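We did not get these values from a lab; they are worked out from the coordinates using the rules stated. Predicted model, so just to flag it, every value in this text is computed and none were measured. Counting neighbours? That spans all protein chains shown, and the Cβs are built from the backbone with ideal geometry, glycine included.
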Amino acid sequence: MSTLLDIQNVTVRFGGVTAVEDVSLRIGERELLGFIGPNGAGKTTLMRVITGMVRPQAGAVVFKGTDISTWPIHKRIRGGLALAQQIVQPLHAFTLLENVVLSAGGAKTGNPITALLSNARDDERAVALELLERTGIGAAADRYPGELPLGFLKRLEVSRALALKPDLLLLDEPLAGLNQAEAESLADLIAKLAAGGQAIMLIEHNIREVTRICPTLYVQDNGRALAHGPADEVMADPAVRRAYLGLEEAC
């Protein structure tokens, strides 16, 4: 499996606090990686390093063979990264379809001249409809976000990220706030996307679902790598079990 993302010896400090310390991690093409760890493990910080929201004091982020450590967020997105965030923030004045159309048209809106000359949206509408169907909310395409429950909005967030045609899809706690039936259904969708060839890094609270769908796990604790490997071996690791001792669904 070819390496898609290569995080090399990354360290992040905020004042006197080290949030991530000398972390290295590789994600391959078509890989579904579950990223877990107790509270304060530095997971969100590492995700922000990947997306460009946080610059590390040391180390590098290499994506598709190119060092993107100094790239701004928008360049990373256009280069093949997409993030579906934990706290969904749809455009409430637009329907689900229109929300995804805007993401699908990102290539046109990135350049002011291209945006002015591009009025047709048929291609983007077709892409958006297909994605809404793929994520299981096609029947609600013409509904507004405020009319729908959280489960629909979580799938909308995934649809908007997929509309960017990412090489690597970053999912930040997509199951948070869902009941078990909803979480299981969305986890099944994530596994299906991965089976179709989409590379995914999944940060998640719900250990039950992460271990069910992710062949490989990476565990971080106190800003340091704790374990990385096949899910069953990682969860049987005494160090991982100690990290989760007393935490039913730690993050």
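Taking the Cα centre of the chain as origin and charging only Cβ (+1 Lys, Arg; -1 Asp, Glu), how large is the dipole, in debye to the nearest 20?
On the way: 25 positive and 29 negative charges, 136 e Å.
Using only the charged Cβ atoms, the result is roughly 660 debye.
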Farthest toward positive dipole pole in the chain [+1 Lys/Arg, -1 Asp/Glu at C-beta], among L156, G52, A140: G52
Cα-based Rg / Dmax (Å) for the stretch 139-217: 12.6, 38
CD proxy at 222 nm, helix term only [per DSSP H run n ≥ 4: -39500 (n - 2.57); per residue of the chain; nearest 500]: -10500 deg cm²/dmol
Amide H contacts under 5 Å for E204, placed H, 5+ residues apart: F35, E173
Positive-pole candidate from L33, T216, V101, dipole of the chain, charges at beta carbon: V101
Residue order, fewest to most beta carbons within 10 Å, for M1, M201, M235: M1, M235, M201
Mean separation of Cα contacts under 8 Å (6+ apart) over length of the chain, as relative contact order %: 27
Radius of gyration and maximum dimension Dmax of the chain, Cα, Å: 18.3, 60
Interchain or long-range residues, amide H under 5 Å from R143's placed H: L96, L97
Phi to ³J(HN,Hα) by Karplus 6.51 cos²θ - 1.76 cosθ + 1.60 over the stretch 74-91, Hz, x for Gly, Pro: 4, 5, 5, 5, 5, x, x, 9, 9, 10, 9, 7, 5, 8, 6, 9, x, 7
³J(HN,Hα), Karplus 6.51/-1.76/1.60, whole Hz, each residue of the stretch 136-142, x for Gly, Pro: x, 10, x, 5, 9, 4, 9
Karplus-derived 3J(HN,Hα), 6.51/-1.76/1.60, for each residue of the stretch 36-47, Hz, glycine and proline x: 10, x, x, 4, x, 6, x, 5, 5, 4, 5, 4
